[in-house]
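Only the coordinates and a few stated rules stand behind these numbers; no lab work does. Note that the structure is a prediction, hence the values are computed from the model and not measured. Every residue, glycine among them, receives a Cβ derived from its backbone with ideal geometry; neighbour counts consider all protein chains shown.
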Amino acid sequence: MANEITLTIDGKQVTVPAGTLIVDAARELGIDIPVFCYHPKMEPVGMCRMCLVEVGRPMVDRATNQPVMEADGTPKLQFGPKMETACTTPVSAGMVVIGMSDKVKAARNDVLEFLLTSHPLDCPICDKGGECPLQNLTMGFGKGSSRFEFEDKQHNQKHVPLGELIYLDRERCIQCGRCVRFQKDLADDPVIGFYQRGRNLVIDTSSEPGFDSIFSGNTTDICPVGALTTADFRFGARPWELKSAASLCNHCAVGCNLTYNTRREAKSDGNVVIKRAMPRQNEAVNEIWLCDKGRFGYHFAESHQRLEKPLIRKDGELVESTWDEALDMAAKELRAYGFRFVSLASGRLSNEDLYEIKQLTENLHGQACLYSPMAGGDLTPLIGYADPQGLSRVGKGTVIVVAASNLHQEAPIWWMQVRAAVKRGAKLIVVNARSTRLDKFASAVVRYRFGREAEAVLSLVPAAETSGESGKIIAAAENLVVLYGSDGIGLEGSRQVAAASAELLRASNLLGKPGSGLLPVWQRANDQGAWDTGFTPVDDLAKVVSEADGVLIAGADPAGDHPAYAAALKKAKFIIVQEQFLTKTAQLADIVFPVQSMLERDGSYTNGTRRVQRFMPVVEKLPGTRPDYLVTAQVRQKVVHSNLEFISAAQVFMVLAAHLPDYQNLTYATLMETVPQHPILGRSDVYYGGTSFENRQGLGVQLGTAANRRDKYSLPAAPSTQNQLPDLEHAEELMAVPVAELLDTGTITQKSVLLGKRTSTPFALMHPKTAQQKGLAAGDKAKISLAGVTYQAVVRVDESVPTLHVLLPRSLGIPLDKPVLVKVIQ
Amino acid sequence: MANGVYEMMRGLWQTFRSAWTKPVTIQYPEVKRQVSKRYRGRHALKRYANGLEKCIGCSLCAAACPADAIFVEASEQTDENRYSPGERYASTYEINYLRCIFCGLCEDACPTEAIVLEDNYELSFETRESAIYTKDMLLDAVSAPNQPTPRKVKPGSFNRSVPEMKDPVD
């Protein structure tokens, strides 16, 4: 192939695509060329000079333009007088690289000696000690002793909090700039940078609060020394003392792969506790990145507020009980109330749990409701985005439409990947009522007034008269990915957006290509799995619940989220709740079963792209708790006398796979299969620093779609383009719409004290004119009167927000699940 | 018969002869024998002359220990509550003497010469729990007057964890 280049590195031949850098080509052969500043996920800069190698190229006779041959017929090589940096030099045909000669070793020795002139060598107390590239390479190539007097070294501050989450040790920093480049190029939060020059060069933060980025934790992974450490793991343990367990992040629909490091600790009462969360490489999902919510939001399992015993209601009070008594009581009540049964579950549960609850619901002829304000999960099995490579390779030719989503807050890793895709040449069209952080990367931005989401999406259809510039972009697309979220819409609005997105994809005639499809930005980790197992959201949840005789609620806290649901639940005759904590919903229950968190058990999630992935037990289970699937199965056994003895999650998954056509042939073993991933990271500590874990525990399985299989399917009719919300021109009230905020106070997130320091305060975002009209200015405290209750929120203003609207965050104390009219006063 | 008498006499001669030599036994525990300079007995956690603990909780002793007898847990310290120089100190330090084989590798691994095998060999336990020595049992008493740990120190005066050390002479 024309694009392949063959070269020789240390006597071994390798063929790589043109444009590959020498350092990556060597890696394909298993040859380590040491680096500090280079990172395969970022542009090379050649700052540290650690990767110097001797490079020879075939000599060409300038007169004849023919290669010069040696006497024996081999091409004559021309080596430069100086060595070249392997991280910035692309390969060329016939190149010969010498990566291990005396000259190269001497260069590495010198570079290391130079880097160590001001390095404190406090490896014994450094958190990176044991997995530190600088330490390893010094052992490999460095001098045994220092020629530098300790007093002559540059002494810098050792304790610099860059914010609540990240600490900097300026003395350890070797100025490779990986963190600065990551924040600038990948995270688009250039909040840290170099300050001063020469020997005084230090990293500093320029934002208020310090290091204000939701991706800040990643800099501690890619830091090749122990300069950047997380507040969570700081001096917590030495890396060699930690055990690893593969898991998934359960905070959003991306489904990031991660590895939890655990240790048994005296200060945690002798329990095994999670010491840190590290990304596990999965190029189809999160590559090697995690957002701060996923990295620091795992403390729910070790909370002291966990339920440990079943609770049953006796004489109006919830009292502790035994499992047998509680299960018997549940079965007795369910048999009695067997007609009109409703189960309400959320995407916090695993596929196994949801499947069991669905089975019980079917046995009782009940209704399985999904606790979610988003629709469209029935469309994803038909036309979902199902590229086995995820979003990480999307580039030229692809058009990405992000509709009604503040992706940066709803799914941070996808936001980063969409941004990277634009850099690789993909075109982005943002359809949103207000400006979001994707706008500046977009080729076209479509604005609408809240309530006209579907109309705005349909305006992109190339044939539409109003399509304009964005229509032309879509008409030229080779692939079309449509992401839609829940920015400012409730369930009804979401249904419209989903249908409009489906119509856009249908009209583009690109369906059936693996790189095209619909990608809903779900709010929870396994919402897609809930759809696949048969749960659907309902329009009037309060009505459905209040009319039911028996309600089973698992993994959701509707009463805590909205007073209307609390009122509805009070009307329901009999409530069973499966929860980890005594939530407001659990307080209303007749029976509360204490369940295990995902960190204590097996299970599987299906992420937004419908990749089924497995998580494994990380910590010891809390005594007295059982996994959700087991609780439901035991209730079911007593109710319908099913003689199935479910023992493990794996068995439940086998039954699930046998019954759901899309999940056919899947087992836990297939979910654990891995293939080599590129770029190669972290196979040995010496190279990129050992703190991005190689994925040996499974990449998951991408489910196919009907469109890609060329099956017959039918899509819903295109939605009406009429305004979903009332006209506001003369109203006293404002239209409040719910928006996502990453660091919220959800049941699981708020147990992380560290994240609590970064949790947003409730805010009310509006147009400056609207704020002025109400006598408010940015920073003021506004009173928001909603269904008779008043909530406080800090006013923020943004000119891009439509007038007469107020944007309120979800899960920050203000109960808002769909657009409603509110009164806003000073 | 004669042979038997001869053998008995020979034995008694040995007894008679030994009665005039200096005995090797001592009246333990009233009398205690001097141990050699490099004897490896029970560990002690040492302090600097200023009273601060030498141990910085780096856990290298635990990593070096072939018997997995040492358990260390570190925590962060401030100038308000200082135990040892630097940012890290050992909040938990335990040695299980049922496991310890007194090899001295922990001593070799220690970057601050904090853990030292001393001359105490009087170790006997009745329960497994009592064989686990905690930090307060291992730590030397404060020799510097009124300078216990933790204590409040002037900010920035003890920010180096690892001191410059000379090669061991003994």
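Quick rundown of the values:
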| read-out | value |
| --- | --- |
| Order of B:PHE16, A:PHE36 - criterion: other Cβ atoms within 10 Å of each residue's Cβ, fewest first | B:PHE16, A:PHE36 |
| Separation in nanometres of the label points that stand 7 Å from Cα toward Cβ, at A:HIS641 and B:ASP108 | 7.1 nm |
| Cβ-based charge dipole, chain B, positive-most Cα from B:ASN50, B:GLN27, B:VAL162 | B:GLN27 |
| For the range B:60-107, convex hull volume per residue from C-alpha positions, Å³ | 73 Å³ |
| Relative contact order [Cα under 8 Å, 6+ residues apart], chain B, whole percent | 28 percent |
| Cα Rg, Dmax (largest Cα-Cα span) when computed across chain B, Å | 23.7, 90 |
| Ratio of Rg to Rh over the range A:312-388 (Cα coordinates, Kirkwood Rh, two decimals) | 1.11 |
| Contour excess over end-to-end distance, with Cα ends at A:GLN78 and A:VAL789 and 0.36 nm allotted per residue | 247.9 nm |
| Candidate aspartates and glutamates for bridging to A:LYS76, where Cα separation is under 12 Å - those fewer than 8 sequence places away on the same chain excluded | A:ASP61 |
| Inverse mean reciprocal Cα-Cα distance (Kirkwood Rh) of the range A:394-519, Å | 14.0 Å |
| Net charge over other residues, Cβ less than 14 angstrom from the Cβ of B:TYR133 (K, R count +1; D, E count -1) | -2 |
| Ranked list, fewest to most other Cβ atoms within 10 Å of each Cβ, for A:TRP323, A:TRP531 | A:TRP323, A:TRP531 |
| Average Cα contact separation per residue, the range A:4-100, under 8 Å, 6 or more apart, as relative contact order % | 39 percent |
| Sites A:ASN723 and A:ASN3 - FRET efficiency at Förster radius 41 Å, r taken between beta-carbons, to 0.05 | 0.20 |
| Rounded to the nearest 20 debye, dipole of the range A:4-100 from Cβ charges on Lys, Arg, Asp, Glu | 220 debye |
| Relative contact order [Cα under 8 Å, 6+ residues apart], chain A, whole percent | 13 percent |
| Residue mean of other protein chain beta carbons inside 10 Å, A:123-129 | 6 |
| Sum of side-chain charges, B:SER84 neighbourhood, beta-carbon under 10 Å (Lys, Arg +1; Asp, Glu -1) | +2 |
| Estimated [θ] at 222 nm from DSSP helical runs (n ≥ 4, -39500 (n - 2.57)) normalised by residues in chain A, nearest 500 | -6500 deg cm²/dmol |
| Nearby lysines by direct alpha-carbon distance to A:LYS712 (threshold 20 angstrom, same-chain neighbours under 8 apart not counted) | A:LYS513 |
| Cβ-defined net charge surrounding A:SER785, 10 Å radius [Lys, Arg +1; Asp, Glu -1] | +1 |
| Chain A: C-alpha pair distances exceeding 35 Å, % | 53 percent |
| Reachable lysines from A:LYS751, criterion Cα separation under 17 angstrom, eight or more residues apart if same chain | A:LYS275, A:LYS293, A:LYS584 |
| Loop sites in the range A:95-196: GluC sites (Glu not before Pro), DSSP, at most 16 other Cβ within 10 Å | A:GLU149 |
| Candidates per trypsin sites (Lys or Arg not before Pro) in the range A:431-517, loop by DSSP, up to 11 other Cβ within 10 Å | none |
| Estimated inter-spin distance, B:SER157 and A:ARG335, nm [label 7 Å along Cα→Cβ] | 7.7 nm |
| Tensor-based shape of the range A:711-790 (alpha-carbon gyration tensor, a/c under 1.5 rounded, otherwise prolate or oblate) | oblate |
| Nonlocal amide H pairs with A:VAL739, under 5 Å, H built at 1.01 Å | A:GLY488, A:LEU808, A:ARG810 |
| Least to most buried among A:THR64, A:THR380 (fewest other Cβ within 10 Å first) | A:THR64, A:THR380 |
| Between the range A:1-66 and the range A:141-185, the Cα center-to-center distance that results, in Å | 29 Å |
